[in-house]
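The values are calculated or read from the model by the stated rules, or taken from the named source; none is laboratory data. Small disclaimer: the values here were computed from a predicted structure and weren't measured. Counting neighbours? That spans all protein chains shown, and the Cβs are built from the backbone with ideal geometry, glycine included.
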Amino acid sequence: MKMKEKKPLPPVPVPNLLGINGGDPEDNDIRKKREKIKEMMKHAWDNYKIYGWGHNELRPIARKGHSTNIFGSSQMGATIVDALDTLYIMGLHDEFRDGKKWIEDSLDFSVNSEVSVFEVNIRFIGGLLAAYYLSGEEIFKIKAVQLAEKLLPAFNTPTGIPWAMVNLKSGVGRNWGWASAGSSILAEFGTLHMEFVHLSYLTGNPVYYKKVMHIRKLLQKMDRPNGLYPNYLNPRTGRWGQYHTSVGGLGDSFYEYLLKAWLMSDKTDHEARKMYDDAIEAIEKHLIKKSRGGLTFIGEWKNGHLEKKMGHLACFAGGMFVLGADGSKDKAGHYLELGAEIARTCHESYDRTALKLGPESFKFDGAVEAVAVRQAEKYYILRPEVIETYWYLWRFTHDPRYRQWGWEAALAIEKHCRVSGGFSGVKDVYSSTPAHDDVQQSFFLAETLKYLYLLFSGDDLLPLDHWVFNTEAHPLPVLHLANTTLSGNPAVR
Ligand code: DMJ
């Protein structure tokens, strides 16, 4: 580390950290299931350590490192950073120590590499901050802040809406070539709030808070067709791109972070809660429908037309509705029910396949219900969203069906995705002999296995009135900001 990087950060009151250990289930059967999930985590981690150490992800069949463009061209150990807090809560302390050592010795952000601002924020900054809060090890906080500084040039656009990608060395930003009219993506620039608020809290530097509040203010001023937020916004002109709205990919975590900004502020950020309530009301009106067979689904809005297709990614919304029920005043019962209906639909999307694993997206079209039609939508890449929703439903209802459904998914992953070199996605969930895609995604360790572990743990592990999970399942503590301002008021810091 260079001397400059060693500069200590100002001390701040550490929030009350409850429930970072424990959760041991009393029931023997549940305890065994939890142990099995921990064993799966060890299998994923150990193989990554042997064959992919330092690379971003693992190719479990080729038994070598893997990377995609979201992490740029250098080896940033995405799996290590993403997995740390899961290792910690599972009590895998030797593995956690190995990960910490690699981060201390080898995680370097001064590289000529173009990364996704969103992905690096949710996986790296979120992962490092969660590891810091859980373990108290300063190095994670220092690395999170170093990385955040490297992301700041992405906000240098005419509107302050950040570019999708930034070069960590040069600071030059740009957008994805495929995005409508040079736009930035709602789920990307709208999924920075939690981490950036924590960065300002921990450093005393208001710059992070100001960046995300600027985005919020700009969004508040804009017209929303039918009350819906389009997925595309041009960072040069400040105008919407195509009028496409989805609760799945490109939109999803924007809505999640409005709700979680409110929860994370100890329910004092009423502005965020209002934006969430208004957005969800419009989504319910225009995007949520019931199929002929009685399954509630969330479609995608494209230029005034509802496409009756739901993505695996949109399945997280079952958990979001349940999490947001408290605080929705007279509609709490309604949102608990809506969350349960989405969980049931997503479970059907798993149950109607040969492998009992869900496809990337599924249709509701005439006789077709909760089934993928196009070959290109039949894959399962170890995604967490359905299990995430089961876990939230379990925490809020304790209905045993959610543990049963989670266990079904765990068994299916074990049977069809486990290979001797780790875990792999599958290319077709409707084929009883599917080909593997040979990628062990970092979110499998960060999210899928963490949510499964929590599903078979007691509620005293990471209680939801003290912790808020970022969109990559990294737990961040609720901040009691009543007597604090993050916007740089010197009287406070
Ligand atoms: C994760 O990186 C995050 O959950 C993100 O919000 C959406 N997609 C993946 C997992 O499917």
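See the values below:
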item: Subset of the stretch 430-463 that is more than 16 Å from the ligand (Cβ to nearest atom) and polar (S, T, N, Q) - its residue that is surrounded by the most Cβ atoms within 10 Å (Cβ to Cβ); result: Ser457
item: Options Gly327, Gly311: the member that is touching a residue at least 60 places away in the same chain (Cβ under 8 Å), surrounded by 15 or more Cβ atoms within 10 Å (Cβ to Cβ) and touching a strand residue (DSSP E or B) at 6+ places or on another chain (Cβ under 8 Å); result: Gly311
item: Meets criteria (touching a residue at least 60 places away in the same chain (Cβ under 8 Å), in a helix (DSSP H, G or I), buried (at least 24 other Cβ atoms within 10 Å of the Cβ) and in contact with a strand residue (DSSP E or B) (Cβ under 7 Å, 6 or more places away or on another chain)) for Ala154; result: no
item: Selection count where residues are among the β-branched types (Val, Ile, Thr) and assigned to a loop (DSSP other than H, G, I, E, B), scope the stretch 435-463; result: 1
item: Residue that is farthest from the ligand (Cβ to nearest atom), among those in the stretch 249-266 that are more than 11 Å from the chain's Cα centre (by Cα) and among the hydrophobic types (A, V, I, L, M, F, W, C); result: Trp262
item: Test: residue in the stretch 412-434 that is under 17 Å from the mean Cα position of the chain (by Cα) and not in a loop (DSSP other than H, G, I, E, B); result: no
item: Residue match in the stretch 185-201 (condition: polar (S, T, N, Q) and surrounded by fewer than 20 Cβ atoms within 10 Å (Cβ to Cβ)); result: no
item: Criterion: part of a helix (DSSP H, G or I), more than 16 Å from the ligand (Cβ to nearest atom) and modelled with pLDDT of 95 or more - qualifying residue of Leu336, Leu306, Leu313; result: Leu336
item: Hits in the stretch 224-254 (condition: surrounded by fewer than 23 Cβ atoms within 10 Å (Cβ to Cβ), in contact with a Pro (Cβ under 9 Å, 6 or more places away or on another chain) and small (Gly, Ala, Ser)); result: Gly238, Gly241
